[in-house]
There are 2 protein chains.
Amino acid sequence: MRDELSIQDRLYPDLPCFGCGPVNERGLRLKSYPGDDGEIVARFTPWPEHDNGTGFLNGGIIATVLDCHSAAVVTHAADERGLHAFEGALLPFLTAGIDVRYRRPSPLRETVTLRGRLLEADESRMTAAVELWWDGKVRAEATALWKRWRPRD
Amino acid sequence: MRDELSIQDRLYPDLPCFGCGPVNERGLRLKSYPGDDGEIVARFTPWPEHDNGTGFLNGGIIATVLDCHSAAVVTHAADERGLHAFEGALLPFLTAGIDVRYRRPSPLRETVTLRGRLLEADESRMTAAVELWWDGKVRAEATALWKRWRPRD
């Protein structure tokens, strides 16, 4: 990782999100960074209680960090495109869905790597592909759909 | 809810799963019960830190409880069919994927209801449909695929 501010700390430093909000002291506080070739990268170290029941990383926690990592991908891409949050909204886009596939067990007691990239983007929706890697193999992958957040009066 | 043991306490009382393990003292300890017409029902009260960043329930936590509720649907169905865990396995089935759609904001400070039912089942895989309801409306829904857990030597 570079010695620079994470996407979360740069673009939504005051967000209290459980997965990635910098100010949520009881949250996971995921930190994601721009990497090479447009990829967004993060590392995540599970907590002991994040067990899936069989000694591996819980699928719900996997979904949580993949979802939040996709938020970093999408918000970073929105920022690059000048798509800022509308008045009354805290973020430019909100998640509409995430489809997670569990390929192999993910370790509970190791730091894993998240990799993400933008698949499609326009002014109304973005799609991100995100993966959880450990020891050279994809453990889980997801596609996340985000839609522009337009607060209603 | 009826005055009876939950599916988790009856079928996997010693599981340390973050979402639904009865023995995970730092986990969510979801409790699911058979309802009417084959439906499986649970109630879940979020913790204050389960914020999505905008004052509603976090999408990752929604995925976590929908995933674990689908575990109750599938394990209950497996038990009814006599599909028990193989030697060396803690559960008869493991989750292979979950596709979550976020329909409306889910409240952070209210108890929500989870409803689940089996869509398809055979001896090698099961699919469950699960929903999160509050105030008479579906807030999120998911389809979860579970595959038979066959430990390898």
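The values are calculated or read from the model by the stated rules, or taken from the named source; none is laboratory data. Just so you know, these numbers come straight off a predicted model, no measurement behind them. As a convention, Cβ positions derive from the backbone with ideal geometry for all residues, glycine included, and neighbour counts pool all protein chains shown.
Could you tell me which of the residues A:LEU108, A:LEU94, A:LEU83, A:LEU118 is closer than 27 Å to B:ARG103 by Cβ, surrounded by 14 or more Cβ atoms within 10 Å (Cβ to Cβ) and within 14 Å of chain B (Cβ to nearest Cβ)?
Numbers: A:LEU108 fails: closer than 27 Å to B:ARG103 by Cβ; A:LEU83 fails: within 14 Å of chain B (Cβ to nearest Cβ); A:LEU118 fails: within 14 Å of chain B (Cβ to nearest Cβ).
That would be A:LEU94, the only listed residue that is closer than 27 Å to B:ARG103 by Cβ, surrounded by 14 or more Cβ atoms within 10 Å (Cβ to Cβ) and within 14 Å of chain B (Cβ to nearest Cβ).
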query = Just checking, how many residues over the stretch A:121-130 are closer than 18 Å to A:GLY19 by Cα and surrounded by fewer than 19 Cβ atoms within 10 Å (Cβ to Cβ)?
reply = 1
remark   = From the option list A:SER70, A:SER106, single residue qualifying as among the small types (Gly, Ala, Ser), more than 18 Å from A:PRO22 (Cβ to Cβ) and modelled with pLDDT of 95 or more is A:SER106
request  = Taking A:ASN52 as meeting all but one of (1) more than 16 Å from the chain's Cα centre (by Cα); (2) of a type outside the set (Ser, Thr, Tyr); (3) closer than 20 Å to A:PRO16 by Cβ; (4) crowded, with 22+ Cβ neighbours inside 10 Å, write down the number of the exception.
outcome  = (3)
remark   = Scanning the stretch A:7-17 for residues that are touching a residue at least 24 places away in the same chain (Cβ under 8 Å) and either over 20 Å from A:ALA128 (Cα atoms) or surrounded by fewer than 21 Cβ atoms within 10 Å (Cβ to Cβ) (or both) gives A:LEU11, A:LEU15
ask   = So which residues in the stretch A:35-56 are part of a loop (DSSP other than H, G, I, E, B) and either within 18 Å of A:SER70 (Cβ to Cβ) or facing another protein chain (nearest Cβ under 10 Å) (or both)?
value = A:GLY35, A:GLU39, A:PRO46, A:TRP47, A:PRO48, A:GLU49, A:HIS50, A:ASN52, A:GLY53, A:THR54, A:GLY55
query = Does the stretch A:1-16 contain at least one residue that is at the interface with chain B (Cβ under 10 Å from one of its Cβ atoms) and farther than 22 Å from B:GLY53 by Cβ?
reply = no
task = Taking A:SER32 as the residue in question, decide whether it is among the hydroxyl-bearing types (Ser, Thr, Tyr), crowded, with 22+ Cβ neighbours inside 10 Å, away from chain B (no Cβ under 11 Å) and in contact (Cβ under 8 Å) with a residue 24 or more places away in the chain.
result = yes
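I want to confirm something. Restricting to the stretch A:127-153 and keeping residues that are β-branched (Val, Ile, Thr) and within 13 Å of the chain's Cα centre (by Cα), which single residue is nearest to A:THR75 (Cα to Cα)?
Going through the qualifying residues, I end up with A:THR127.
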request  = Look through A:THR45, A:THR75 and report the one residue that is closer than 20 Å to A:LEU145 by Cα and not charged (D, E, K, R).
outcome  = A:THR75
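Residue-by-condition table, conditions (1) in contact (Cβ under 8 Å) with a residue 24 or more places away in the chain; (2) aliphatic (A, V, I, L, M):
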site	(1), (2)
A:HIS76	yes, no
A:GLU80	no, no
A:LEU91	yes, yes
A:ASP99	yes, no
A:ARG115	yes, no
A:LEU119	yes, yes
A:LEU132	yes, yes
A:ALA142	yes, yes
Some residue of the stretch A:19-35 being among the charged types (D, E, K, R), farther than 18 Å from A:THR127 by Cβ and in contact with a strand residue (DSSP E or B) (Cβ under 7 Å, 6 or more places away or on another chain) = yes
request  = Would you mind listing the strands (runs of 3 or more DSSP E) fully within the stretch B:64-153 where at least 3 residues are touching a Gly at 6+ places or on another chain (Cβ under 9 Å) and more than 19 Å from B:GLY38 (Cα to Cα)?
outcome  = B:93-102
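Of the residues that make up the stretch A:63-76, is at least one within 21 Å of B:GLY59 (Cα to Cα), of a type in the set (D, E, K, R) and within 10 Å of chain B (Cβ to nearest Cβ)?
yes
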